[in-house]
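Heads up, the thing below is written out as structure tokens.
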Amino acid sequence: MSGTDAAPSDRDPGLQPERTRLAWRRTTLSGTVVAVLAAKTALHGGASPVSVLAAALCCVFWLAFLRIAHGRITTLAAANRPRALTPPHAAAATLCMLALAVCGAFLVL
Amino acid sequence: MIDFVRNVRLWFVPEEVRQEGGTPDYRFSLANERTFLAWLRTALALIGGGFAVDQFLPDLRWGWRVGLALALLAAGVLCSLRAVNHWARCERAMRRGEDLPVSRFPALLSLVVAVVAVVMVVVVLVGWEG
């Protein structure tokens, strides 16, 4: 009746996995904005081969980040107590950002 | 610098991290992960700002426009590198039960953003006159 018998570990009052999932989604959305801006920059400047290639690479890296985020979200949803993010995962997500910035430098120049 | 190289190695060898200390409460790890993602979003905003300068200030002289855009892109690169480095350091500190690492980076970044904002105001005013 009082509910004290239920395992307290079953309930996470902070909804931590939920919030982490949404943080991944927000980050992917920010990446979408950057990819769209990259495409706009490429098409605006007369669409030289280099800028089209750079914009296409931006989209590829955005897709890579989407994949990483989706994989992580799947892991978060799979277990009641999800495992922590692994360093290669974090490094891969960071590499996508770095690649976006490098493609951006080629687009701007 | 040597610390940094050691940290970079840890990004790619997760087993070494897992051997140290004990596994912290998963909620702390998830909070650390969200902080990492928030820094990645900051980096993305800086990168997007670089594109925006290039696209939406077409009246600027080429040098100023490209210089500002590249500065913002470089800030985005630094920010994302720092994000993963700080995440790894926090994760290790939690496993070892140490204090979380402190950092000058947030203060530095806010100063840089403030300077870029002032430069943009000046450049836009001067650029539209000339």
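Structure data summary
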{"item": "Surface/4 of the Cα convex hull for the protein assembly as shown, nm²", "result": "16.2 nm²"}
{"item": "Calculated [θ] (222 nm, deg cm²/dmol) that DSSP helices of n ≥ 4 give over chain B, each run adding -39,500 (n - 2.57)", "result": "-29000 deg cm²/dmol"}
{"item": "Length-normalised contact order for chain A - Cα pairs under 8 Å, 6+ apart - percent", "result": "34 percent"}
{"item": "Max mean-square fluctuation residue, GNM over chain B, Cα-Cα springs under 10 Å, options B:101, B:24, B:58", "result": "B:58"}
{"item": "Net dipole in debye of the protein assembly as shown [+1 Lys, Arg Cβ; -1 Asp, Glu Cβ; about Cα centre; nearest 20]", "result": "200 debye"}
{"item": "Highest-fluctuation residue, A:64, A:77, A:54 considered, GNM on chain A with Cα pairs under 10 Å", "result": "A:77"}
{"item": "Most mobile listed residue (B:30, B:78, B:46) in chain B, GNM with C-alpha springs under 10 Å", "result": "B:30"}
{"item": "Exposure rule at most 12 other beta-carbon atoms within 10 Å, DSSP loop GluC sites (Glu not before Pro): chain B longest free segment", "result": "B:21-97"}
{"item": "Angstrom value of the Kirkwood radius, inverse mean 1/r, which spans all Cα pairs in chain B", "result": "16.8 Å"}
{"item": "Percentage relative contact order, chain B, counting C-alpha pairs under 8 Å, at least six apart", "result": "32 percent"}
{"item": "Neighbour-count ranking [beta-carbon atoms within 10 angstrom, fewest first] of B:44, A:95", "result": "A:95, B:44"}
{"item": "Structure-based [θ]222 nm, chain A - -39500 (n - 2.57) summed over DSSP H runs of at least 4, per residue, nearest 500", "result": "-26500 deg cm²/dmol"}
{"item": "For A:62, B:64, order by how many other beta-carbon atoms lie within 10 Å, fewest first", "result": "B:64, A:62"}
{"item": "Point-to-point label distance, residue B:105-residue B:25, nm (Cα→Cβ direction, 7 Å offset)", "result": "2.5 nm"}
{"item": "Likely footprinting exposure, B:90, A:103, fewest C-beta neighbours within 10 Å first", "result": "B:90, A:103"}
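Quick note: the coordinates plus some simple rules give every number you see, no bench work behind them. Note that the structure is a prediction, hence the values are computed from the model and not measured. Methodologically, a virtual Cβ is constructed for each residue, glycine included, from the backbone with ideal geometry; neighbour enumeration extends over all protein chains shown.
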